[in-house]
Amino acid sequence: MWPGPLFLGIYFAPESPWWLVRKGRLDDAKTSLLRLTSLDRETDFDADETVAMMVHTTALEENVRCLACSLPLLGDLTFATDYCWGFVYRLL
C-alpha cells in the first residue's frame, strides 16, 4: 500500500537547495528555493542572498572536521549515547 504513494512523493519532490549548492548548481538551487517558498510578497525574501549564505556555509563546513569521527573513543561514546537515547525514546 505504501510503496506507490511513497514513490510518487519522492519522484515529484524538489531537489534540496543545499544539495544543489554543494554540487555547484547555483542557478538550480535558486530555482528550487523559489519553488519551495510562498509567493507572499510581504516578506523580503531574497533567493540570491540565501544562495550566497548557503555557499558561504558550505565553504565553512569543508574546513571543519568532526572530532567524534577522528577519535575512536569519542566515536564509541557517541554511538553508545545514541543507542541509549533511542532505547529511552521507545519506552516513552
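Within the stretch 19-64, the set of residues being among the β-branched types (Val, Ile, Thr) and either surrounded by fewer than 10 Cβ atoms within 10 Å (Cβ to Cβ) or not in a helix (DSSP H, G or I) (or both) comprises THR37, THR43, VAL64. Among the residues in the stretch 56-67, are any of a type in the set (A, V, I, L, M), at pLDDT 65 or above and in contact with an Asp or Glu (Cβ under 6 Å, 6 or more places away or on another chain)? There is no residue in the stretch 56-67 that is of a type in the set (A, V, I, L, M), at pLDDT 65 or above and in contact with an Asp or Glu (Cβ under 6 Å, 6 or more places away or on another chain). At pLDDT 80 or above and on the phi < 0 side of the Ramachandran plot, is that true of PHE45? So PHE45 passes the test. For the stretch 79-88, state whether one or more residues are in a helix (DSSP H, G or I) and modelled with pLDDT of 90 or more. The answer is no; no qualifying residue exists. Within the stretch 1-47, being of a type in the set (D, E, K, R) and over 17 Å from the mean Cα position of the chain (by Cα) holds for ASP27, ASP40, ARG41, GLU42, ASP44, ASP46.
The values are calculated or read from the model by the stated rules, or taken from the named source; none is laboratory data. Because the structure is predicted, anything quoted here is derived from the model rather than measured. No Cβ is skipped: glycine too gets one built from the backbone with ideal geometry, and neighbour counts run over all protein chains shown.
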